1. Any chance you could check the Cα centroid distance between segment 344-382 and segment 215-245 for me, in angstrom?
2. Before anything else, pin down the relative contact order of segment 3-144: Cα pairs under 8 Å, at least 6 apart, normalised by residue count, whole percent.
3. Taking only the alpha-carbon atoms of segment 271-340, what semi-axes of the equivalent ellipsoid follow from 5 times the gyration tensor eigenvalues under a square root, in whole Å, largest first?
4. Calculated from the structure, Cα extents along the principal axes in Å equals which of [x] 72, 56, 44; [y] 72, 55, 48; [z] 100, 68, 34?
5. Which trypsin sites (Lys or Arg not before Pro) in segment 204-302 pass both tests, a DSSP loop state and at most 15 other beta-carbon atoms within 10 Å?
6. Give the carbon-plus-sulfur fraction of the accessible surface of segment 322-365 in %, rounded to a whole number; probe 1.4 Å, heavy atoms of protein chains only.
7. I need to check one value: relative contact order of the chain, counting alpha carbon pairs closer than 8 Å and at least 6 residues apart, in percent.
8. Using Stokes-Einstein with the Kirkwood hydrodynamic radius over Cα pairs, what translational diffusion coefficient do you get for segment 351-506 at 4 °C and a viscosity of 1.567 mPa s, in µm²/s rounded to a whole number?
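The values are calculated or read from the model by the stated rules, or taken from the named source; none is laboratory data. As the structure is a computational prediction, the values presented were derived from the model and not from experiment. Counting neighbours? That spans all protein chains shown, and the Cβs are built from the backbone with ideal geometry, glycine included. Surface areas here come from the heavy atoms of the whole protein model, side chains and all, with no ligands, DNA or RNA. Shrake-Rupley method; radii C 1.70, N 1.55, O 1.52, S 1.80 Å.
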Amino acid sequence: MTLIKREDLIQSIADAFQFISYYHPLDFVRAVKAAYDREQSPAAKDALAQILVNSRLAAEGHRPICQDTGMAVVFMRVGMEVRFEPGMSLQAMVDEGVRRAYTNPDNPLRASVLADPLGARRNTRDNTPAVLHVELVPGDRVDVRLAAKGGGSENKAQFAVLNPSDSLVDWVLERIPEMGAGWCPPGILGIGAGGTPEKALVMAKEALMAPVDIQDLIARGPASRVEELRLELYDKVNALGIGAQGLGGLTTVLDVKILDYPTHAASLPVAMIPNCAATRHLHFSLDGSGPARFEPPALAEWPEIAWNGPAGARRVDLDTLSAADTAAWRAGDALLLSGRLLTGRDAAHKRIADLVARGEPLPVDFHGRFIYYVGPVDPVSGEAVGPAGPTTATRMDAYTDLMLGPDVGLIGMVGKAERGPEAIASIRAHGAVYCIAVGGAAYLVAKAIKGARVLAFPELGMEAVYEFEVVDMPVTVAVDGRGDSVHEAGPREWRARIAKIPLARH
């Protein structure tokens, strides 16, 4: 009988979540580099370059790859010849490990978990509780696979119960364009098929823990129906031309993973969950001899990418910028922003809307300003701010007309992913502009932030309204004052181009 000490499990969980906060899995790094090498779309290639540069910076600095340091998900297989040191439940031990990881003073991770989700939505401040899946298996070891899953990709999870004769491939190809770019492609698709509804969703999440190996599968050829489906979906999803960050390009997915399970004769439950450009997961085992040890990968494993900002980018002074200036910008233009940049996301927007509805004054003058949709990580070691990449802008669509209108008076916004039809109509009506920063490049973006101070709603923590002082922050115009959207034009162009390219897997 193997005894697993409480402290060994707790510290292993803590060390693992710290490790994956700044080290991408190397198979993912290699897959992104291969996508970068073959990419022909300049906008997508620049986004891939930023993701790779950010990944190396995070590995060097031991700082988070993404400001959304994720919700802790743990899959644990416990051998039936294992016993745990008594005194705490398994959930409590895992939660204590997560608490240590997310409150580590050397590399604090963003607390994003809210208790009472249907009511007060109170931040737990330490990212607990984790989501824990446990399976009892033969053996005398504890096998742990864990991941930090960000909200942008989790929010794009898909589920349906198909008819038994329906096509999984058709369902996926219908869903992917509807998912937009909020899941920060390129990434990996996890698919679960069969079982019951909850089983399909758990399999989709679990599938994402496997290594990126689609190129090996291409080289040897499929040996099962599931492998045939993986290859078919890999080709057909990439043929949609969505590309990195939804800008249009050759690579939307780096791999497709599928797990299946026997199901009822009348049913075909299917689920799909994407992993984003901040893919973070790890596998370790405990055998009673002590905590797990994680060997840091050599920095030589990361490619050297010469990136000095987007090619041909226009420098913009936010402090002197006017709506007349932004009227000349066009969707797809690359910019380097400098000056004072306000921030605000979901909770701050709701507070602003409530104040306007009550006729009360706003705590900040937003007129003629830009707002950045971000919830940054806390700073350490002299940083102005921790990793501060963009959050998904579509969540702010409902507030766009208010924020651009005379009561608030913004002239521009920065986030990630596409905007919905109503938001685009409002941008066009007000002659405003929406720009995107690269999701998955949070530490790189933070390097451009030289100062930060809270202006309003400090009790909201990372969702407070800040004022950043930025220097050469890279963004791309995604929706211009005419209502033209790069997230519509880019994939359309590259879908047409890819259709003319003979199938040539890389």
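1. Between the Cα centre of segment 344-382 and that of segment 215-245, the gap is 42 Å.
2. On the way: 206 pairs, mean separation 47.7, N = 142.
Relative contact order comes out at 34 percent.
3. 45, 17, 14
4. [y]
5. On the way: sites: 205, 220, 225, 230, 236, 257, 280, 293; in loops: 280, 293.
Taking segment 204-302 and a limit of 15 other Cβ atoms within 10 Å, the loop trypsin sites (Lys or Arg not before Pro) found are 293.
6. On the way: 980 of 1900 Å².
Exposed carbon and sulfur together represent 52 percent of the surface.
7. Numbers: 1190 pairs, mean separation 96.0, N = 506.
About 19 percent, as a whole number.
8. D, rounded to a whole number, is 76 µm²/s.
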